[in-house]
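Okay, so here's the structure we're looking at.
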Amino acid sequence: MNLKHALRISERSKVALVGAGGKTTTLFALARSLEGSVILTNSAHLGRSQAALADYHVIVESREEVDEIFASLGDGVTLITGVERESGRLIGLTPDVLNQVYSHAERLNLPVIIEADGSRMRPLKAPAEHEPPIPDWVDTVLVVCGLSGLGKPLNDSTVFRPEIFSQRAGLPLGQPVTPTALIAYLLHPQGGLKNIPHHARRIVLFNQWDECKPEDQTLLLQNVPLLHESYDAVVLGNVIHGGEDAVVAVYEPIAGIVLAAGASQRLGIPKQLLLWKGKPLIRWIVETALGAHLSPVIVVVGAWIEPIQQVLADLPVRIVVNPRWPNGVSTSVACGLEALPKGVGGAVFLLSDQPYLSVELIRALRDQHAHTLAPIVAPFVRGHRANPVLFDQVTFPALRQLQGDVGGRAIFGQFPVLPLEWFDERVLLDIDQPEDWEQVQRMG
């Protein structure tokens, strides 16, 4: 997966990179994943030798010089920097010159990618009081962390500004840098989150993933739900590889939408409230979704509003009433999508009558999506499609166009479907008729 796909970047995006551990490599790899004219620049110092990675390097000191560049801009990667110091570093553009770059790029619908931090080649860094200089017009901020720093002592060789990192991460100087300390630093408002514009997407890039010990990888992945409280995505990468191998996986918040609006007319009683393993079936489904870290979990109700509300009252879910539920499943799909917050990477649509739903199946769907960002990930058991199905955010407009008594399967022909081979045939069972419920009870 390349960086453009992984970061959901367009040819109009305005991106700032901060942190350490492959930041400049990521800057150019992201630029090379885009087409046409791409503008690179810096608001912090940049090594002079790194400028050779651009197709064109232009040094400017005034807004007028910026005007001249955009008057004759061609395709390729153009790096616009300040002057070179005796140290061999290119200084960052002043705010007014940087704003002029933005003004031209916005007018021409061009991307701008900014190196907004310096780290002196360390794998990790903490910002000083004046850092990082991120312009307000940036729409995406990528916080880069070099995982080669894990397990090494917290000192000046591993972390740029180790004293500040120590304070933000709660880790004494000289101690090995742990995944727990790195997570604490990333979540600190004066650490990884510092100076990010409130409207910008926030993304963590754990770079050098293949250099990370398996036990550290496990700890970092366990903390992804915690990071999702402050970041829109967590990316695992080996950006030095470049191209399609730059990104290993992308973990975004994935919502759960439970379709529970039906009247169960064929069954004769509300199947959402059938007791399954001592709990109403709808509660079993919702608890499974929560256990798989789907967030948020939306429950769409219609025919049986109050009883379902009562059995879910103590759970952290949002219940949405679909007044048009008699018009078919498509109306519940639309209600669920409308209730989603901005920024979710996709949604798993869950049925309210699938007693053999498991946390393991949902996690497997999420992992397949994280490693591919496939538009649709669907489980298959011996060639038969099962539920639930994960739909990436790119499919949401098509799902909103559904009409009548059809669900997400109606758009399978519009998008590639990534099959997830599953072993448990029981996931093919749902409850429509009394005999279905009798079969489920016999199977236990």
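The values are calculated or read from the model by the stated rules, or taken from the named source; none is laboratory data. Just so we're clear, the structure is a prediction, and the values are computed from it rather than from any experiment. Note: ideal-geometry Cβ built from the backbone for every residue, glycine included; neighbour counts use all protein chains shown. Heavy atoms of the whole protein, side chains included, go into the accessibility calculation; ligands, DNA and RNA do not. Shrake-Rupley method; radii C 1.70, N 1.55, O 1.52, S 1.80 Å.
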When region 160-214 is reduced to its Cα atoms, the Kirkwood hydrodynamic radius in Å: 12.5 Å
At a Cα cut-off below 12 Å, give the aspartates and glutamates reachable from residue 271, other chains included and same-chain residues fewer than 8 away excluded. 353, 430, 432, 436
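At 1.4 Å probe size, with the rest of the protein present, what percent of the exposed accessible area of region 346-401 is carbon and sulfur atoms? The partial results should precede the final answer.
Numbers: 910 of 1840 Å².
So the carbon and sulfur contribution to the accessible surface is 49 percent.
How much of the accessible area of region 210-252, probe 1.4 Å, is carbon plus sulfur, in whole percent? Mind showing how you got there, number by number?
Numbers: 1000 of 2050 Å².
Its accessible area is 49 percent carbon and sulfur atoms.
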So for region 106-199, what percent of the C-alpha to C-alpha distances run longer than 19 Å? 40 percent
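What Kirkwood hydrodynamic radius, in Å, does region 251-371 give when the mean of 1/r is taken over all pairs of distinct Cα atoms and then inverted?
On the way: mean 1/r = 0.0694 Å⁻¹.
Kirkwood hydrodynamic radius for region 251-371: 14.4 Å.
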Under the Karplus curve 6.51 cos²θ - 1.76 cosθ + 1.60, θ = phi - 60°, whole-Hz ³J(HN,Hα) for region 325-336, x wherever Gly or Pro sits: 4, x, 7, x, 4, 4, 5, 6, 4, 5, 4, x
Arrange the residues 279, 23 by how much accessible surface each exposes, largest first, with a 1.4 angstrom probe. 279, 23
Taking only protein heavy atoms and a 1.4 Å probe, what accessible area per residue, in Å², does region 154-311 have with all protein chains in place? 42 Å²
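Given charges of +1 on the Cβ of Lys and Arg and -1 on the Cβ of Asp and Glu, with all other atoms neutral, how large is the dipole of the chain about its Cα centre, in debye to the nearest 20?
Values: 37 positive and 47 negative charges, 150 e Å.
Using only the charged Cβ atoms, the result is roughly 720 debye.
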Give the accessible area for residue 232 in Å² (nearest 10); use a 1.4 Å probe, count only protein heavy atoms, and leave out ligands, DNA and RNA. 50 Å²
Within region 286-343, what whole-number % of the accessible surface is contributed by carbon and sulfur, with the 1.4 Å probe and all protein chains included in the calculation? 54 percent
To the nearest 10 degrees, the tilt of helix 434-443 (Cα long axis) against the first principal axis of the alpha carbons of the chain is 70 degrees
For Rg/Rh (Cα atoms, Kirkwood Rh), pick the label among [x] 1.01; [y] 1.08; [z] 1.05 that corresponds to the value derived from the coordinates. [z]
Highest-first arrangement of 285-292, 357-364, where packing means the average Cβ count within 10 Å: 285-292, 357-364
Quick one: give the max-minus-min coordinate of the C-alpha atoms of region 1-92 along each principal axis, largest first, in Å. 38, 33, 19
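If packing is taken as the mean number of other Cβ atoms within 10 Å per residue, what is the order of 111-122, 30-41, highest first?
Numbers: 111-122: 22.6, 30-41: 20.8.
Ranking the peptides 111-122, 30-41 by packing returns 111-122, 30-41.
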Reduced Cα scattering model of region 189-240, Debye log10 I(q)/I(0), q = 0.18, 0.31 Å⁻¹: -0.65, -1.22
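Return the ratio Rg/(2.2 N^0.38 Å) for region 280-339, where Rg is computed over Cα atoms only. It would help to have the intermediate numbers written out before the result.
Details: Rg = 11.3 Å, N = 60, 2.2 N^0.38 = 10.4 Å.
Compared with the compact-globule rule of thumb, region 280-339 sits at 1.09.
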Would you kindly derive the ³J(HN,Hα) couplings of region 119-135 from the backbone phi angles with the Karplus curve 6.51 cos²θ - 1.76 cosθ + 1.60 (θ = phi - 60°), listing them in order in whole Hz, with x for Gly and Pro? 9, 6, 6, 7, x, 9, 7, 10, x, 6, 4, 8, 10, x, x, 9, x
Treating cross-link reach as a plain straight distance, find the lysines whose alpha-carbon is under 22 Å from the alpha-carbon of residue 213, omitting any fewer than eight places away in the same chain. 23, 125, 152
By the C-alpha gyration tensor axes a ≥ b ≥ c (rounded if a/c is under 1.5, else prolate when a/b exceeds b/c, else oblate), the shape of region 317-416 is rounded
Burial order of peptide ranges 179-191, 400-412 (average beta-carbon count within 10 Å, highest first): 179-191, 400-412
Between residue 423 and residue 277, what is the spin-label point distance in nm, taking each point 7 Å from the Cα along the Cα→C-beta axis? 1.8 nm
